Amino acid sequence: QVQLVESGGGLVQPGGSLRLSCAASGSPFGIYVMGWYRQAPGKQRELVAVHTSGGSTNYADSVKGRFTISKDNTKNTVYLQMNSLKPEDTAVYYCYLNTRGLNYWGQGTQVTVSS
């Protein structure tokens with residue numbers, strides 16, 4: 001049974017920073033993709049950034065240069081460092097894991113960027 005536990009959301013002013021964490025529990029994952037999606041009110045869920053077990057990363061164009069995804073393999077944890085936050089980054093951020101052909105989602109954490 002895979003579980004994803006997120007932390008780190010909150011309210012921040014424009015230009016500020018937040019760091020999200022997602023810890024995965026369960027059996028060893030082997031080949032996987034792990035990262036973050038987000039969903040703003042009235043919009044579809046979209047990819048933010050993902051990290052593969054092979055070491056590559058993929059970012060949405062809207063966050064390139066501002067967000068950085070990293071992982072700690074010893075803790076099965078991925079992090080999303082978000083800098084220079086903008087109001088349009090406001091959304092519920094969901095941790096995502098794809099392994100062994102299955103998709104898993106975290107419960108979501110709210111990120112609000114507002115003055």
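Derivation of every value follows stated rules applied to the coordinates shown; laboratory data play no part. Just so we're clear, the structure is a prediction, and the values are computed from it rather than from any experiment. With ideal geometry, Cβ positions are generated from the backbone for all residues, glycine too; neighbour counts draw on all protein chains shown.
Under the simplified labelling scheme, the Q107-L47 pair shows an inter-label distance of 2.8 nm, with each label point 7 Å from Cα along Cα→Cβ.
Under a cut-off of 16 Å between alpha-carbon atoms, report the aspartates and glutamates in cross-link reach of K71, not counting same-chain residues fewer than 8 places apart. The reachable aspartates and glutamates, counting only those whose Cα sits under 16 Å from K71, are E6. Simple spin-label estimate for N58 and S25 gives 2.9 nm between the two label positions (7 Å along the Cα-to-Cβ direction from each Cα). Pairs of alpha carbons in region 1-87 separated by more than 23 Å make up 23% of all such pairs. Cross-link partners for K43 among the aspartates and glutamates, with Cα-Cα distance under 20 Å and sequence neighbours closer than 8 places in the same chain left out: D61, E88, D89.
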